[in-house]
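Student: Once you've had a glance at the structure underneath, I'll fire off some questions.
Values in this text are rule-based calculations from the coordinates and carry no lab data. What you see is a predicted model, and the numbers here were worked out from it, not measured in a lab. Virtual Cβ from ideal backbone geometry, glycine too; neighbours counted across all protein chains shown.
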């Protein structure tokens, strides 16, 4: 049912009854030079590597993209570069992640004018808001900018959960087109999918790297795995196997990716969890020749040589590096 | 010892041995029109009300000022207006609060050029950083901008504690001039003050409204109470009583202010904790004729008429309204 | 591989290479009279209802059994009654849940002498222990009592996670025979199963009611659903479908059980989450004629008539009540 | 007003208008032999050391006493021994700490018959209860056992806060005689004291070791410092100075005790926070000749020789060891 990731139809009634996006839509790593500026040639290779792997969409300026380290001008440049490199091959989501409503509206306008197909919005952060206030946050953005909104449930960053009633309420009102769930609460996602089952245009995606087969099996429409920056073919294989109903084979592929995912804990302790995860992706991408430097945005720490050597052992173990 | 809130000296050696700031330094509420734009005439009255009350400094763009709701241009306008109204009467701190290092550096440059005397910096947020990375965050800012830095410990917003070793390390290196503690962990603040006791230039301030006498009694150098926007005279009286060693009288004044602080829970449940607190300050300020509207920045909810009526009962009870 | 839930073999070498327990092993509700004493006739019917439903084991004195509300004598009586009613039909786990090591050892001795086949042990609680101390907790119990130990990962109750390295370490040493995971962290469980894949005797079970198909699909050996007290046939059907590789049909059954699980939120707000969940199970069981009273142990609140009426609507909706 | 710690009066009307307990009431460490059995001779010396230091009451079976490591028989023996050694010199509180209502009632009956003057009760734990259910927990105990109840607010162990409305409600109904606050939320304690100011029989005590002067200054009636097991004279001096209104001298004594309190972090990392704190008290008490062994109850780890050497450096630094 979801084998066509980007449904194209001249029949608007049919179109409106399908999810806007499905498939593997990785959050795209933002490579940096050692002076912390964006390394555009590496960024081009990152995107080409994902498209070569067969991904169905690109999510620029997600958490994995270190979005909150970039200001408005930097974000515009990142979206524009991605749009240019992609050149219409797949749809592009843009994260418009900042603490409060009016600032998010500005980012959403920028994203729209820079060519993004949808924007990804979290609950407000730093400030503490209630579920009704969070609902209004999405409504204000919807009213202000004419672009599809994907809700981003990421309590580990914003420290509040998008509760089922909030998500389902916004989806039923047509404020949000779908949800990207990085909460780890797959039970809640399952209830959201159930509640919205009568609306074939609503979609749910998981941010998990390690439970993709499970979440697809329960009816999710896509997956947004940061680890796909390292192994896009793996996640596309996993997606295709699940689309074909080959659960046992999908499980084996997922288990191979579990091994690869172990890179995210290598520098833990010396660095924060945030630096350890994206830092490991960057180190692996450098070892694979995709990007030039594993530099993390300030004040995060990058993986050192010893840690990178451990990353490479795992890359060899899963067959990505010889 | 700290009876002179703003030490002025031509002898630099003496100057360097005293805290840069002491006394009552309220975070200044940012009044809004009902269309969410800043209400400058109300902002002027807010500042004049504080200065009339005898406060020793102004902290613009703090959490109580709804700082994260304002973008770079808006923040510059707020600082410039405050600097103009203040006209050198007291020193001005400016919050430079945003998720990551380079964005904070930009805000700090703006604050410096707009005339702020010091900047107030939190740990990074949204992203998860370790204590060493948080230390580097402050060091990068210190290296980039020539202005005193005050560390702002506010785990309820950034979801990480500035640990004693981090704060004391940064203070000992001369990276931070002082700390504003809104963590509620007065024991930790006490240890920081003890560790830095040999450095007479280091200062610690509490963000508490309700334990001011206690925290001053243990050696803190100042207080940053949001509630002072409603009753600056009360907090200045409290400060003066503690400076004079009149603990029993100070306790009575603090207990009067405890009654007033009850306004922050009136709308809780209907609104978030964030909206309830600053929203109550704004409602009280409107009832007292200081500001024109109690509008909260989007998506927060403002207090309604019924809740404002309850605020006014308390204002009468503590003698602020007849 | 796991189609025989309770492997029976005279060949000890083969036996030792299979999981001790697999299948549906519900935590058995402990029915109470309105004076809070255990209602043994209702308890008998609860057990018979489960066995009629085809469950593969019984877990008495779990969280759903309100274990921590019962003292040592009460616990012995509960295990003995269950052992008598069961009469060897399926294996029985007994929860031996109390804050600290020596008290757990006493409970484990009681459970063993009362006829339990294995004991279920959490991390210490009330006291705060480190992962190495938690490991020692299990080792001390293993040394003291000759009975298989199942680790119970339930952070929502004990406020500490059994980390992967702790679980895998204890499993590798032979201290624990398996794990019951009620942490909601299925990714961690998946890694534990992967780490222990070479030990065919180790087993992992999920405490989830709503992700059973998912967790079985990733290789778990069983499920411990409180909701099976209300609908044992549903969970046994779900288990059998997954054993047969009928994922789509399993998903439909799981989705029916999701509807049923909605009963656990009916009294939320008026009661705590704890009372709401087990309280709803008891109310449903009363409505289905299995138990005589929905009384919850003190100080928990039972569902009232209005809430019970809502439970019955759902029971009808899923076909359990006419 | 609170200078007489244990009010004695034949005029019952006057008596009933004063707090039942005031002053320094340390939680008494429970010394163990290396085989984990209670070391009664060391326990006797622990109590005599406290009484020699001038404390105004004893709190046996608190968290610092490792209460949850002891079963019902062990607890009875501990209370009876303390009652015998104390021989009426000061009042004795007994902690009756276990997860649920009926078990606490049993402990309270034991405590009463063993000679305790009051019992100390926490919110239920392991199970999750709401504030109204927590209120009922205290009411059931009050109805069942004729002994004064002190509420024990210790979220770090039971993972729920006794909210102001709960505490004040129970106090107003006469269910609880006072509160021991180990929540670290001194602002909340201050509001509870304010709300109960018209009831001179209600008392509030802090469990803090490091903010004693502050909390007494705001009107608290006593202090329950675990560290008094190491230095009872220090806390009694601090109490007396505060009673005499000598705030500056009290602050100096408190700052000396802050130095001593640093022992609680020495083994942190190698042991849990729980083991590190009480373990340091035990190590210090052994070094001071009060107890024979620093053994912690299983599965906690005791301080090792290297850590004990660091404890002794601090003991020398604050003048307790030569």
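Student: Which value at 222 nm does the protein assembly as shown reach when only helices count, each DSSP H run of 4 or more adding -39,500 (n - 2.57), with the total divided by all residues and rounded to the nearest 500 deg cm²/dmol?
Tutor: -13500 deg cm²/dmol
Student: Shortest first, in nm, what separates the label point of residue A:77 from those of the same position in the other copies (7 Å along Cα→Cβ)?
Tutor: 2.7, 7.4, 7.6
Student: Assuming a ≥ b ≥ c are the square roots of the Cα gyration tensor eigenvalues, decide whether the range C:254-315 counts as rounded (a/c under 1.5), prolate (otherwise, with a/b larger than b/c) or oblate.
Tutor: Taking the square roots of the gyration eigenvalues as a ≥ b ≥ c, the range C:254-315 is oblate.
Student: Where does each of D:193, D:227, A:268 land when they are ranked from fewest to most other beta-carbon atoms within 10 angstrom? Mind dumping the intermediate values first?
Tutor: Numbers: D:193 21, D:227 26, A:268 15.
Final ranking by Cβ density, sparse to dense: A:268, D:193, D:227.
Student: Of the peptides D:44-56, B:95-107, how do they stack up when ordered by the mean number of other Cβ atoms within 10 Å, highest first?
Tutor: By packing density, highest mean first, the sequence is B:95-107, D:44-56.
Student: Per residue of D:130-140, count partner chain C-beta atoms within 10 Å of its C-beta, then hand back the mean as an integer.
Tutor: Mean inter-chain Cβ contacts per residue within 10 Å come to 4.
Student: Right, something else. Relative to the other copies, what are the label-point distances for residue D:246, with labels 7 Å from Cα along the C-beta vector, expressed in nm at one decimal and sorted shortest first?
Tutor: Taking the point 7 Å beyond Cα along Cα→Cβ, the inter-copy spacings are 2.4, 8.5, 8.5 nm.
Student: Calculate the mean, over all residues of peptide D:196-203, of how many other protein chain Cβ atoms lie within 10 angstrom of the residue's Cβ.
Tutor: 0
Student: Starting from the Cα gyration tensor of the range D:62-114, take the square roots of the eigenvalues, sort them a ≥ b ≥ c, and report rounded, prolate or oblate (rounded when a/c is under 1.5, otherwise prolate if a/b is larger than b/c, else oblate).
Tutor: The shape class here is prolate.
Student: For peptide C:71-80, how many partner chain Cβ atoms fall within 10 Å of a residue's Cβ, on average? Working shown, then result.
Tutor: Numbers: counts 7, 3, 0, 2, 0, 0, 0, 0, 0, 0.
For this peptide, the per-residue mean of nearby foreign Cβ atoms is 1.
Student: Quick one: work out the % antiparallel among DSSP beta bridges in the range D:23-246, nearest 5.
Tutor: Here the share of antiparallel DSSP bridges comes out near 5 percent.
Student: For the protein assembly as shown, what does the alpha-carbon gyration tensor say about shape, rounded, prolate or oblate, given a ≥ b ≥ c as the root eigenvalues, a/c under 1.5 as rounded, and a/b over b/c as prolate?
Tutor: The shape class here is oblate.
Student: Which FRET efficiency value, to the nearest 0.05, do you get for residue D:163 and residue C:73 by plugging their Cβ-Cβ distance into 1/(1 + (r/R0)^6) with R0 = 35 Å? Can you show the working numbers first?
Tutor: Working: r = 34 Å, r/R0 = 0.98.
Taking R0 as 35 Å, the efficiency between residue D:163 and residue C:73 is 0.55.
Student: May I pose another question? How far apart, in nm, are two points set 7 Å out from the Cα along the Cα-to-Cβ line at residue C:80 and at residue A:292?
Tutor: 7.9 nm
Student: Also, I was wondering about something else. Return A:84, B:286 ranked ascending by Cβ neighbour count within 10 Å, so the fewest neighbours appear first.
Tutor: If I rank by nearby Cβ atoms, fewest first, I get A:84, B:286.
Student: Express as a percent, rounded to the nearest 5, the fraction of DSSP beta bridges in the range C:8-128 (both residues included) that run antiparallel.
Tutor: In the range C:8-128, approximately 10 percent of DSSP beta bridges are antiparallel ones.
Student: Return a whole-number percent for the relative contact order of chain C, with Cα pairs under 8 Å and 6 or more residues apart as the contact set.
Tutor: It rounds to 19 percent for chain C.
Student: Along Cα→Cβ at 7 Å, what distances in nm separate the residue C:165 label point from those on the other copies, shortest first?
Tutor: Inter-copy label distances (nm, one decimal, shortest first): 1.7, 4.2, 4.4.
Student: How far, in whole Å, is the nearest Cβ of chain B from the axis relating it by rotation to chain C, and which residue carries it?
Tutor: So the chain B residue sitting closest to the axis is B:269, 6.
Student: A further question on this structure: If you take the Cα atoms of the range A:98-230, find Rg, then find the Kirkwood Rh from the mean of 1/r over all pairs, what is Rg/Rh? Could you put the intermediate results ahead of the total?
Tutor: On the way: Rg = 14.1 Å, Rh = 15.0 Å.
Dividing the radius of gyration by the Kirkwood radius yields 0.94.
Student: Further question: Sort B:213, A:143, D:305 so that the residue with the fewest other Cβ atoms within 10 Å of its own Cβ comes first and the one with the most comes last.
Tutor: D:305, A:143, B:213
Student: On to the next question. For q values of 0.21 Å⁻¹, compute log₁₀ I(q)/I(0) with the Debye formula on a Cα-only model of the range B:13-153, without solvent.
Tutor: -1.30
Student: To check my understanding: the extent here is largest minus smallest coordinate of the Cα atoms along each principal axis. What are those three numbers for the range D:23-246, in Å, largest first?
Tutor: 46, 43, 28
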